[in-house]
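Report on the structure given below.
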Amino acid sequence: MLLGALDDEEFNLLGKAARSPLMNTNQRIVALYEYIQPCYPTFEGPALEGKVLFSHLFPEEAYNDYKLRRLLSSFSQLVERFLVYLEAKREEQEAPLLLIRALGRRNLHGYFKKYSMEVLEALDHSPYRDLDYYNRRVEVFTNYYFHPFTDKRSVEPARLQELVNDMDYSYALKMYRLGNELRNRERIFSEQYELAGIDAMAVQYGDGILSENAVFRTYRSLLNAYQDEGNPVLFRELKNNYLSHFDEMRQDDRNLLFQQILNYTIRRINEGDSSYYKEALGLYRMGLKNELLTDGGRMSEATYSNIVMVSCEEGEYDWARSFMGQHKSLLAEDTREDVVAHGYSLWYYFKGHYDEALQILLSHRFSGPFQHSSRMTTIRIIFEQFFMDRTYFDLLLSQSRAFEKFLSRDTSLSRDRNELHKNTTALIRRIATALYRGEPVEEVKEWALAEIDSGQAFILRNWLHKKLLQLTTSPY
């Protein structure tokens, strides 16, 4: 419901909008607002049932569903106009552009030209040279040039060349933002996109004016890193560009680039490169400091869990526990218990308190989205216990087989992510079975390490590799 998007102040302001002749002249809408006002913010209860609502708004008429729907539709349109008003009020930078358009339509060319030139000058003094900057320059100067009262002969050729360049740069930045997002989607959702045009554009603009542009250079280094993700030099170039130009970017570019750089480090970790744990933790700390990890005052469950895992991998146990306590209120209420339970199971696991961790995982009823992480963590912990005590074999076998069946039916993960979990679970089961049957430890270690290094996709690759190297003849 649209009304659910309004906070207390905004909902009260909506009442003023309903009573304002500039926004509404239908007194039934005013009556509707006043009637539902006590129901804010849940808008639940028998008072809002159709016939009850109609009898209040039209007390002398028989119930007419069509009439009620028309009134509700008109009220929804008022709320939509009100949301536009709120957005325009927040985006104060839009006001000059709106004024220019208004002056241009009214043929007030003197004022139109004056304000157009003032906006262009103000843009030139802006600290940013990003997509928004170039888009605004193109819009203002294009509208000015093509106005019927503008003397085309008075426009200097250099200004027209700037317009062409601005359009090129705007297009280049749009394509780089899109190109990097599509490369990111390829990794997450196993999709494929043909980006030959974007690759060619990198050559065209690589040594031009945009090569000195902080935003463009950072997006370009991100795309280069996507093309060769195993190259640490490209990652360092990307990270250095982002950090050194952080203050030269607006919030939307900061957020978008930060999230993709963070995704990059997580993928490297998932593919077995443990050196990226430190990189990821540094990024998370930076993200917390600069409010890059929340959206609308909320933190995603994946972000929360990853921060716990990465900080524990780096041995920052006190910091991890402090983070969990301080930031759990940022999680959505409907998933908070699942996320926190999994976080504490990881914390206990990394501290070596396996029984406490397992108790949380086996006693808490995790909802669907948390089945993968909680089951994988459970198998990981039991495998650790199996290394020390072979009597855990049956429990490990039952948990791994149950997870494999779950994965065979699950469609929520991308094909690549599903395969990572399947391969890892199957390999753990095979190693445990071989050891339980008494196969020579060195032989098991040899073929298992060879399989890990074969190029097949595994989650927790570093952990598996480390456990196998620790494998000894006796588990006791």
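Just so you know, all these numbers are worked out from the coordinates, no wet-lab data involved. This one's a predicted model, so the numbers in the text were calculated from it and none came from an experiment. Here the Cβ positions follow ideal geometry from the backbone for every residue, glycine too, while neighbour counts run over all protein chains shown.
Data table
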| quantity | calculated |
| --- | --- |
| Relative packing of 309-322, 372-385, 37-50, which averages over residues the other C-beta atoms within 10 Å, highest first | 372-385, 309-322, 37-50 |
| Virtual paramagnetic centre 7 Å along Cα→Cβ of Lys466, amide N under 20 Å, in the stretch 345-361 | 345-358 |
| Spatial separation of Cα centroids for the stretch 139-160 and the stretch 44-96, in angstrom | 44 |
| Cβ crowding within 10 Å averaged over residues, with 129-139, 174-184, 327-337 ranked highest first | 129-139, 174-184, 327-337 |
| Degrees between helix 276-289 axis and first principal axis of the chain (Cα, 0 to 90, nearest 10) | 40 |
| Gain in span if fully extended, Ser454 to Leu395, counting 0.36 nm per residue against the direct Cα distance | 18.4 nm |
| Whether the stretch 374-476 is rounded, prolate or oblate, judged on the alpha carbon gyration tensor where a/c under 1.5 counts as rounded | oblate |
| Inverse of mean 1/r across different Cα pairs in the stretch 94-155, Kirkwood, Å | 11.9 |
| Gain upon complete extension [Arg90, Gln359; 0.36 nm per residue less C-alpha separation] | 91.9 nm |
| Prolate/oblate/rounded call for the chain, Cα gyration tensor, a/c under 1.5 rounded | oblate |
| Entries of Lys16/Lys328; Lys289/Lys351; Lys239/Lys405; Lys67/Lys89; Lys89/Lys152 with Cα pairs more than 31 Å apart | Lys16/Lys328; Lys239/Lys405; Lys67/Lys89; Lys89/Lys152 |
| Protection proxy ranking of 252-264, 52-64, 440-452 - average other beta-carbon atoms within 10 Å, highest first | 252-264, 440-452, 52-64 |
| Global geometry of the stretch 271-365, whether rounded, prolate or oblate, following the gyration tensor of its Cα atoms and the 1.5 cut on a/c | oblate |
